[in-house]
Amino acid sequence: MRRSSSRFSLIRALLASLLGLAAAALLTTTSAAQNRLGAPPANAERPPIAGQINLRGTVGVPQGSLQDNIGGVGGGAHLYLGGWIRQSPVLAGVDIGILNYGRTSDNVPFSRTVGPRIPVDVTTTNNVLETHLSVRLQPRRGRLRPFIEGLVGFKYLFTRTSLSEEDLGDNVDAGDNIASSTNFDDFAFSGGAGAGLDVRVYQPDDPAKRVQGVGLHLGVQYLLGQEAEYLAEGALTDDNDNGELDRSELDVRRSRTTLLQPQFGVTIQLAGDEE
């Protein structure tokens, strides 16, 4: 019960932070109403808004058994590309994101033959790639543009290990990966809903510009996910010393893959052809 209480407290804290950011954005925008950047001439002939690009940072809060299996929260980034359907307030688009929920790094000898004379960094990351089609209801214009959306797609959960070294000679640049491998992966169908607010902070004086608005984005998504298998954060070890990672040596977890995702970012509105 203590873990459940802690989890819900974390979710409440994240949502409270999101509301706080929204309030701060509204205050900032109101102050900037007198500014030239935020108040272009009223008689400017504006082209129609055809679509928008949204880039945002994301906090991934696992739900239910997923939280029990991996603990903590993940972090990453999302990109949204969408366009309005004819003259309606409906946008159709694609939402792609990557979340990391675990990372371990070790400094080990390059091989048993050379021993510790050439150390290398071995890094293992646990990740979720999200790809969803989105249908969003949102006005094209206005300083404050709330939205709701529905999403359907999939999650790709994978654990990947890479080998890198600062200096292995003239043929290898510093920081380059020497080798990498996907240790474990699985797919899960996914779908859910989202809501949020775009707050315009900039609109150009020139109506001929392709970019017709820049805004702060505040939102949250709740994405249900079917059951999938994945690895929790931790080092991968060859316990039986056979040179391979057998399934029996992997800490494979299985659960539904539902995530609550508070988000904060930037939205860019793009002009289309004249109506």
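Since every read-out is calculated from the coordinates, none of them should be taken as a lab result. No experiment lies behind these values; they were computed from the predicted model shown. No Cβ is skipped: glycine too gets one built from the backbone with ideal geometry, and neighbour counts run over all protein chains shown.
Remarks
- Projected label distance in nm at GLN87 and ALA50, using a 7 Å step from Cα toward the beta-carbon: 1.8 nm
- Extension gain, LYS209 to LEU144, is 21.3 nm, computed as 0.36 nm per intervening residue step minus the present C-alpha separation.
- Placing a pseudo-label 7 Å from each Cα along the Cα-to-Cβ vector at VAL135 and VAL266 gives an inter-label distance of 3.2 nm.
- Between PHE187 and THR123, the contour length at 0.36 nm per residue exceeds the alpha carbon distance by 20.8 nm.
- A simple spin-label model places the labels of ALA232 and SER65 1.4 nm from each other, with each point 7 Å out along Cα-to-Cβ.
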